[in-house]
Amino acid sequence: VTILLSEEGVSHWRDVVSELYCYVGMLRYYCESQGQEGGGLPCWIYEELRSIYEVAHRFADEQPPEDFAVDLAEECSPWGKIPPSRLLDASGLLFEYDPDTICNLINGYFHPSNARVDMASTYF
């Protein structure tokens with residue numbers, strides 16, 4: 001997760017991280033209610049994110065050739081499992097809605113106990 005903060009936001013970075021985990025908690029709640037009737041991660045959250053990714057991809061700045069080559073080599077790695085037809089846009093777009101994978105990632109990886117917060121700022 002990458003969060004860009006204003007000068008005032010930097011002074012409240014702990015609050016921002018706390019709000020992030022509140023949001024993750026809401027997503028976790030939806031995932032845990034998946035077994036109940038009408039439960040599960042709402043599709044509208046995914047659709048909103050997909051729209052944001054599409055706009056960002058469409059209007060992205062052109063990156064230097066050496067950065068592009070590194071990114072492409074990473075996409076070709078065996079653990080990436082990206083089909084050749086998606087090598088150029090796979091890292092910048094979302095495709096199929098898969099609530100089970102989303103819930104697995106939220107429950108397995110998004111915990112404050114295994115988080116690392118890196119903060120870079122010119123305001124210090």
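The values are calculated or read from the model by the stated rules, or taken from the named source; none is laboratory data. Model, not experiment: these values are computed from the prediction. In this analysis, Cβ positions are derived from the backbone assuming ideal geometry, glycine residues included, and neighbour counts consider all displayed protein chains. Keep in mind that these areas ignore ligands, DNA and RNA; they rest on the heavy atoms of the full protein, side chains included. Shrake-Rupley method; radii C 1.70, N 1.55, O 1.52, S 1.80 Å.
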Please compute the modelled spin-label separation between Asp118 and Leu49, points set 7 Å along Cα→Cβ, answer in nm with one decimal.
2.1
At 222 nm, what helix-only mean residue ellipticity would the chain give, in deg cm²/dmol to the nearest 500, using -39500 (n - 2.57) for each DSSP H run of four or more?
-16000 deg cm²/dmol
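For the chain, give the percent of accessible area contributed by carbon and sulfur heavy atoms, probe 1.4 Å, rounded to a whole number.
Values: 5540 of 9920 Å².
With neighbouring chains kept in place, the figure for the chain is 56 percent.
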Counting Lys and Arg as +1 and Asp and Glu as -1, what is the net charge of the other residues whose Cβ lies under 13 Å from the Cβ of Arg58?
-3
Neighbour count of at most 15 Cβ within 10 Å plus DSSP loop: longest trypsin sites (Lys or Arg not before Pro)-free window in the chain:
1-80
Give the accessible surface of the chain per residue, rounded to a whole number of Å², with probe radius 1.4 Å and ligands, DNA and RNA excluded.
80
By how many nm would the segment from Leu105 to Ser85 lengthen if fully extended, with 0.36 nm per residue of separation less the alpha-carbon distance?
4.7 nm
Protection proxy ranking of 64-70, 16-22 - average other beta-carbon atoms within 10 Å, highest first:
16-22, 64-70
Simple spin-label estimate for Tyr97 and Cys76 in nanometres, 7 Å along Cα-Cβ:
3.5
Between (1) 2.04; (2) 1.27; (3) 1.02, the structure-derived Cα Rg over 2.2 N^0.38 Å is (2)
With all protein chains present and a 1.4 Å probe, the order of Cys31, Cys43 from largest accessible area down is Cys43, Cys31
